[in-house]
Ligand SMILES: Nc1ncnc2c1ncn2[C@@H]1O[C@H](COP(=O)(O)OP(=O)(O)OP(=O)(O)O)[C@@H](O)[C@H]1O
Ligand SMILES: [Mg+2]
């Protein structure tokens with residue numbers, strides 16, 4: 001490393017970012033995850049100036065007056081609105097580097113394995129514009145595997161399934177490389193949409209995305225529960241046009257989630273089907289590790305275990321797995337910057 005490079009690393013705090021569809025997390029070297037906020041930005045429609053970012057903006061989703069739009073600039077795991085994503089990145093980077101503006105940080109960003117070269121370049125450019133000095137893109141499943149502490153550098157298979165808001169990433173990793181990866185544009189958002197549709201169809205009740213997510217978290221499940229749950233749901237009656245409350249059960253929500261969950265299991269099966277036999281044999285003992293917020297759907301681990309006959313575990317801190325992985329890479333960043341992952 002050059003003398004200037006050494007000086008820079010001494011003064012700057014390199015950071016890792018999990019730029020997720022639902023949540024953005026920032027890991028600062030030697031400090032851990034210091035920021036975790038929804039990937040939502042509220043902007044003024046006319047000027048496109050930012051009104052709020054993160055938690056504050058999420059509270060505005062579906063509740064804004066005509067002159068403001070609260071939007072999620074990342075959709076399906078990729079950047080849907082570059083300008084707004086950049087504004088969001090800049091806001092988060094500035095927030096964590098507040099005391100240290102004079103040396104820009106090096107930044108590791110986890111991106112979905114399925115994004116195109118054009119999308120990769122766009123993420124890099126956004127980060128540079130947002131104040132990064134150097135950018136390393138790390139594939140999300142690799143970051144997740146490192147983050148949950150799998151020994152990825154051994155010549156043995158590890159399988160990670162990261163179920164996020166916009167995407168599900170399935171990967172088999174061995175010798176620090178990805179043997180098989182598939183990114184499916186189905187995740188928590190799709191589950192929320194199914195819940196919205198179910199309530200519309202069965203009860204003529206319109207609910208917003210936030211309410212749908214609340215229902216999923218409160219009573220969502222993949223396989224029957226020992227004790228089924230119910231929840232009071234408030235929304236707008238589509239016929240009378242008035243606010244109304246209905247009681248929904250975990251049984252019907254499970255049915256609503258079925259398509260999204262089946263799609264996820266299908267990709268896991270595909271991965272196993274493509275897996276070379278030696279590595280498949282490793283998985284019988286090592287099993288599958290689940291990460292991402294979607295892995296918290298009740299009994300999803302059981303459903304995946306039943307479908308694959310493999311042991312399934314949920315990561316200790318599934319929502320932070322990817323961010324922790326980007327953080328672990330920071331300790332050896334110069335090495336990683338010279339590799340292609
Ligand atoms: N307890 C829970 N039960 C079910 N779903 C949950 C729970 N907690 C969070 N989620 C869901 O997890 C998703 C967010 O997970 P995560 O933060 O891992 O996604 P992301 O990394 O932002 O998205 P992506 O990786 O697709 O870009 C949301 O859809 C959220 O509703
Ligand atoms: Mg994610």
Handout entry: Within the range 186-204, tally of residues that are touching a residue at least 12 places away in the same chain (Cβ under 8 Å) and more than 21 Å from residue 217 (Cβ to Cβ)
Key = 1
Practice task
Could you give me the residue pairs with C-beta distances under 8 Å whose first residue belongs to the range 28-43 and is more than 13 Å from residue 84 (Cβ to Cβ) and not assigned by TED's automatic domain parsing to the domain that holds residue 57, whose second residue is in a loop (DSSP other than H, G, I, E, B) and modelled with pLDDT of 95 or more wherever it lies, and which are 6+ apart or on separate chains?
Solution key: none
Exercise for the section: Write out, first by first residue and then by second, each pair whose Cβ atoms fall under 7 Å of each other, whose residues are 6+ apart or on separate chains, and whose first residue, in the range 59-72, is not assigned by TED's automatic domain parsing to the domain that holds residue 86 while the second is assigned to a loop (DSSP other than H, G, I, E, B). Expected result: none
Practice task
Considering only the range 66-81, state which residues are closer than 15 Å to residue 185 by Cα and assigned to a strand (DSSP E or B).
Solution key: 74, 75, 78, 79
Practice task
Specify which of the listed residues (154, 140) is on the phi < 0 side of the Ramachandran plot and within 16 Å of ligand 2 (Cβ to nearest atom).
Solution key: 140
Exercise for the section: Go through the range 65-80 residue by residue and tally those that are modelled with pLDDT under 90 and closer than 19 Å to residue 22 by Cβ. Expected result: 7
Exercise for the section: Under 8 Å between Cβ atoms, at least 6 apart or on separate chains: pull out the pairs that start in the range 110-122 with a residue that is over 15 Å from residue 183 (Cα atoms) and end on any residue that is more than 11 Å from ligand 1 (Cβ to nearest atom) and in a helix (DSSP H, G or I). Expected result: 122/82
Problem - Total residues in the range 163-178, condition near ligand 2 (Cβ under 8 Å from one of its atoms) and either assigned by TED's automatic domain parsing to the domain that holds residue 115 or assigned to a strand (DSSP E or B) (or both) - result: 1
Practice task
Collect the residues in the range 13-33 that are within 9 Å of ligand 2 (Cβ to nearest atom) and outside any strand (DSSP E or B), keeping them in residue-number order.
Solution key: 20, 21, 22
Exercise for the section: Any chance you could count how many residues in the range 179-205 are closer than 20 Å to residue 275 by Cα and within 16 Å of ligand 2 (Cβ to nearest atom)? Expected result: 4
Fill in the blank from the handout: How many residues of the range 183-222 are outside any helix (DSSP H, G or I) and crowded, with 20+ Cβ neighbours inside 10 Å? The answer is 9
Practice task
Please work out if residue 95 is surrounded by fewer than 17 Cβ atoms within 10 Å (Cβ to Cβ), touching a residue at least 60 places away in the same chain (Cβ under 8 Å) and either over 27 Å from residue 181 (Cα atoms) or away from ligand 2 (no atom under 16 Å from the Cβ) (or both).
Solution key: yes
Practice task
Would you mention how many residues in the range 102-130 are over 18 Å from the mean Cα position of the chain (by Cα), in a loop (DSSP other than H, G, I, E, B) and crowded, with 16+ Cβ neighbours inside 10 Å?
Solution key: 3
Problem - Condition check for residue 87: over 30 Å from residue 284 (Cα atoms) and in contact (Cβ under 8 Å) with a residue 40 or more places away in the chain - result: yes
Handout entry: Selection status of residue 135, more than 14 Å from ligand 1 (Cβ to nearest atom) and assigned by TED's automatic domain parsing to the domain that holds residue 90
Key = yes
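The values are calculated or read from the model by the stated rules, or taken from the named source; none is laboratory data. Being a predicted model, the structure only gives us computed values, none of them experimental. Because the Cβ atoms are built from the backbone with ideal geometry, glycine has one as well, and the counts that use them run over all protein chains shown.
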